[in-house]
Amino acid sequence: MEWLHELFKKSPEMALFLSLAVGYWIGKIKFGKFQLGGVAGSLLVAVLVSQVGVQVDAGVKAVLFALFIYAVGFESGPQFFSSLGRQSVKEIILAAVMAATGLATVVVMARLFELDKGLAAGVAAGGLTQSAIIGTAGDAIAKLGLDAAETARLQANVAIGYAVTYVFGSFGAIIVCVNILPKFMGRTIRDDAIAAETAQQAGVKVLGPEQQEAAPSLVGRIYELVADPKRTIADIENANPATAITIERVKRDGKFVEVSPELVLRQGDIVLAVGRRDAVVASAPLLGKEVYAVDGMELTMQRREIVLTNKEFDRKTVDEIRKATAGGVRHGIFVVQISRMGKVLPMKPDTVVQSGDLVSIFGAEQDVKRVAAIVGDVIVPSAKTDFVYLGAGLVVGLLVGLLSVKIGSIPLTLGAGGGALLSGLLFGWYRAKRQTFGALPPSAVQLLKDLGLAGFVVVVGLSSGLQAVQTIRQLGLTIFGVGVVVTIVPMLLTMLFGRYVLRYGNTAIFAGALSGSRSANPAFGEVLDKAENSIPTVPFAITYALANVFLTLLGPLIVALV
């Protein structure tokens, strides 16, 4: 193994990517219905790789985790702030129950196995994956008035207990949230995530990125007039104002005729009609026989997203805007969708629009440009990330994470993770209101989440795996076993409390809240992967912020009670 040690010494990044590759490969293997998942697989492989001796700079872990947690917040910012209120009480209680059961479990196990204050605090820090406990417990030990040697011994034991239990602390949370919880609830995370997303959209059907309707609502059809309608284009287009169509092209005697509202159609004309399916079908008797593959009748339509900035439309209903807008302005344009802060609004006459809403319009290029100039700012599709906005968000988050408030002698801080999460929520919310800048495409968000989290847990495994295994060999499996209990029991008790007392009914939402109440980032990453949408993020963000406070307070409490 010496050659591997030398290889990874020269290129520690190779150990990181090797752990990712092999870990995700193992994570895909199914053992019956059980599947480890890429994050847990990467963590296990990293622990194995660490046995040959690998040194990875701690800054790498900090950068990867900051990218992951910021991206999570950025994606969920709009939904997070709209979800705050009385409905958040359940998350507050859940986080408090997790901290209380965690404290009780640590104290009971410490007394059963006669662990000293240092080892007990270390087991809590590792088993509950809350590194801040190391600091608060160490400060509490220093204030016990013990001699210097005993103080140093107990503080060293905090680090030992942490090293032995941290790896399973991460892995065990994944097992509970991703494997045990869905079986306990009787429904999968994915199914409930879809159900919650549908409920959020108030019954509005939202297609995924690779989905499209078999019978699209907007269609274009070509007709040959078999009788002389003796009507103008305007007459036909406005025959039924509630379900209007648009005549986009007219071909007469083999030549194209300039389309205008006053143009009188004749028998034998070939016209291209565009509109909503029901309107086009209803207009068919006026137009004649449908024909196909007529040269020159092809027309490229486009869909554009526009941020509503025109104050004349602000706080108006869809019906009011339609009536107040001249026919010449509306001609050839169809509103496909209106969304606000990531939520699709129902397209009803009484739907009220606001400045900042995202309006999706469909039509020919010249029509889209005309209407866009009136409505607001066009969002130009781009796969590029606005690194000015991304960098500013991360800087703000990390600065917030440096802030510290003392309760008595206990310093409380959000830390880099909590600061980056809060900043991501705020910057994501503001981006949803002002979408002309700050682009972070969904594919970029997904990459930051996947690479950030998986890379983070790999660095943890590479950094702590060797020390953990060596300590277990020296001290036996007692501390490791105690750590397993401290990891699993509080989560199971909190899960039961959440289900039967708080009445959590949605598996995806419950999994997000449960992982956050334990500040279990690897577990949350696997929950997101199973959900395949951002539904678990809002409950996670609330309980995660609270867990950073509640669990940090356990350090001095354990030192006092053990």
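The values are calculated or read from the model by the stated rules, or taken from the named source; none is laboratory data. This structure is a prediction, so every number in the text was calculated from the model and none was measured. Neighbour counts run over all protein chains shown; Cβ positions are idealised from the backbone, glycine included. The accessibility values were calculated without ligands, DNA or RNA, using every heavy atom of the protein model including side chains. Shrake-Rupley method; radii C 1.70, N 1.55, O 1.52, S 1.80 Å.
When you check Gln155 against the structure, is it polar (S, T, N, Q), modelled with pLDDT under 85, open to solvent by 20 Å² or more (accessible area, probe 1.4 Å) and within 22 Å of Val460 (Cβ to Cβ), yes or no?
Yes.
Just need a number here: residues in the range 245-271 that are touching a helix residue (DSSP H, G or I) at 6+ places or on another chain (Cβ under 6 Å) and farther than 20 Å from Ala293 by Cα.
3
Quick one: is Gly356 more than 30 Å from Ala239 (Cα to Cα) and in a helix (DSSP H, G or I)?
Answer is no for this residue.
Pick from the range 428-444 the residues that are within 14 Å of the chain's Cα centre (by Cα) and in a loop (DSSP other than H, G, I, E, B): which of them is surrounded by the most Cβ atoms within 10 Å (Cβ to Cβ)?
Leu440
Can you find a residue that is without any contact (Cβ under 8 Å) to a residue 24 or more places away in the chain, surrounded by fewer than 18 Cβ atoms within 10 Å (Cβ to Cβ) and in a strand (DSSP E or B) anywhere in the range 319-329?
no
For (1) in contact with a strand residue (DSSP E or B) (Cβ under 8 Å, 6 or more places away or on another chain); (2) open to solvent by less than 40 Å² (accessible area, probe 1.4 Å); (3) not small (Gly, Ala, Ser), each residue gets a yes or a no:
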position: Val485; (1), (2), (3): no, no, yes
position: Thr494; (1), (2), (3): no, yes, yes
position: Asn506; (1), (2), (3): no, yes, yes
position: Leu514; (1), (2), (3): no, yes, yes
position: Val527; (1), (2), (3): no, yes, yes
position: Pro539; (1), (2), (3): no, yes, yes
position: Thr552; (1), (2), (3): yes, yes, yes
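Would you mind stating whether Gly296 is modelled with pLDDT under 85, open to solvent by less than 60 Å² (accessible area, probe 1.4 Å) and outside any strand (DSSP E or B)?
yes
Of all residues in the range 162-194, how many are farther than 20 Å from Gly41 by Cα, surrounded by 24 or more Cβ atoms within 10 Å (Cβ to Cβ) and either under 23 Å from the mean Cα position of the chain (by Cα) or modelled with pLDDT of 90 or more (or both)?
1
Exactly one condition in (1) closer than 29 Å to Asp57 by Cα; (2) over 26 Å from the mean Cα position of the chain (by Cα) is false for Gly452; which is it?
Of the numbered conditions (1) closer than 29 Å to Asp57 by Cα; (2) over 26 Å from the mean Cα position of the chain (by Cα), the odd one out for Gly452 is (2).
In the range 334-376, what residues are surrounded by 16 or more Cβ atoms within 10 Å (Cβ to Cβ) and acidic (Asp, Glu)?
Listed by number, the residues that qualify are Asp357, Asp367.
Pick from Gly145, Gly161: which is assigned to a helix (DSSP H, G or I) and not hydrophobic (A, V, I, L, M, F, W, C)?
Gly161
Return the residues of the range 195-235 that are of a type in the set (Val, Ile, Thr), open to solvent by 70 Å² or more (accessible area, probe 1.4 Å) and at pLDDT 80 or above; say none if nothing qualifies.
Within the range 195-235, Val226 is the sole residue that qualifies.
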